[in-house]
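Here is the structure we will look at.
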Amino acid sequence: YIIKQKDAFLPPKLLDIIYISNGEPQAEQWYEHLVNVCGRKVKRVQNVNGRSQAYKAAAALSDTEWFFAVFAKLEVVDAFDWTWQPDWLQEPKHYIFSSRNPVNGLEYGHMGVIAYNKQLVLETNESGLDFTLSKAHAVVPILSAIAHYNTTPELTWRTAFREVIKLVDRKSTR
């Protein structure tokens, strides 16, 4: 039998929050903002070479089966629900939350907070163009943050270039 209601004997374990930074210009500002907004402990991974290695370092630091990954270009929104839980009855997957693009105002998954499944992260050896999309994943249409990828011309270009390459690659595989 599946218990569909929350009972006192089944308290949800809050997912770890892990902040990942690698020298971004506003990393300290958004880290302090995150700590103030979420109101609980935030773990941190800094200056790890390579995205895949940074995600694996975050997974190794996590004490929960899923963890929220918050990236150094993100200004998390005050209303984001840090008590959110994954669907424990489905197969393990990563959950991608929306973020707001400050240039055009659109809200979609690019650069949003991600609830990574710890085991899937640790098992990923070859990720192709996108680490998150290389394993089972789902989009959660809840606004998590504003993505400040456009703080310098180089960061703006690099982020846009990377996303266009992913979109072109995805389109060519259909």
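The values are calculated or read from the model by the stated rules, or taken from the named source; none is laboratory data. Bear in mind the structure is a predicted one, so any value in this text is a computation, not a measurement. Cβ sites come from the backbone with ideal geometry, for glycine too, and all protein chains shown count toward neighbours. Heads up: the accessible areas ignore ligands, DNA and RNA and are worked out on the full protein's heavy atoms, side chains in. Shrake-Rupley method; radii C 1.70, N 1.55, O 1.52, S 1.80 Å.
Summary table
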| read-out | value |
| --- | --- |
| Residue 70 vs. criteria assigned to a strand (DSSP E or B), touching a residue at least 12 places away in the same chain (Cβ under 8 Å), touching a strand residue (DSSP E or B) at 6+ places or on another chain (Cβ under 9 Å) and hydrophobic (A, V, I, L, M, F, W, C) | yes |
| Failed item, numbered, when residue 147 is tested on (1) within 14 Å of the chain's Cα centre (by Cα); (2) at pLDDT 95 or above | (2) |
| Qualifying position, being open to solvent by 40 Å² or more (accessible area, probe 1.4 Å), of a type in the set (A, V, I, L, M), at pLDDT 95 or above and assigned to a loop (DSSP other than H, G, I, E, B), among 60, 79 | 79 |
| Number of the condition not met by residue 124 [criteria: (1) open to solvent by less than 40 Å² (accessible area, probe 1.4 Å); (2) in contact with a strand residue (DSSP E or B) (Cβ under 6 Å, 6 or more places away or on another chain); (3) of a type outside the set (D, E, K, R)] | (2) |
| Segment 154-167, residues that are at pLDDT 70 or above, of a type in the set (A, V, I, L, M) and under 14 Å from residue 130 (Cβ atoms) | 164, 165 |
| Per-region count, segment 35-57, residues part of a strand (DSSP E or B) and open to solvent by less than 20 Å² (accessible area, probe 1.4 Å) | 1 |
| Answer residue from segment 110-136, given it is in a helix (DSSP H, G or I) and of a type in the set (A, V, I, L, M, F, W, C) and is nearest to residue 87 (Cα to Cα) among those | 120 |
| Among (1) touching a Ser or Thr at 6+ places or on another chain (Cβ under 8 Å); (2) surrounded by fewer than 16 Cβ atoms within 10 Å (Cβ to Cβ) - the single one residue 107 does not satisfy | (2) |
| Flag if residue 95 is open to solvent by less than 40 Å² (accessible area, probe 1.4 Å) and in a helix (DSSP H, G or I) | no |
| Cross-chain or 6+ apart pairs with Cβ under 8 Å, segment 143-162 first and free of Cβ contacts under 8 Å to residues at least 60 places away in the same chain, then in a helix (DSSP H, G or I) | 150/156; 150/159 |
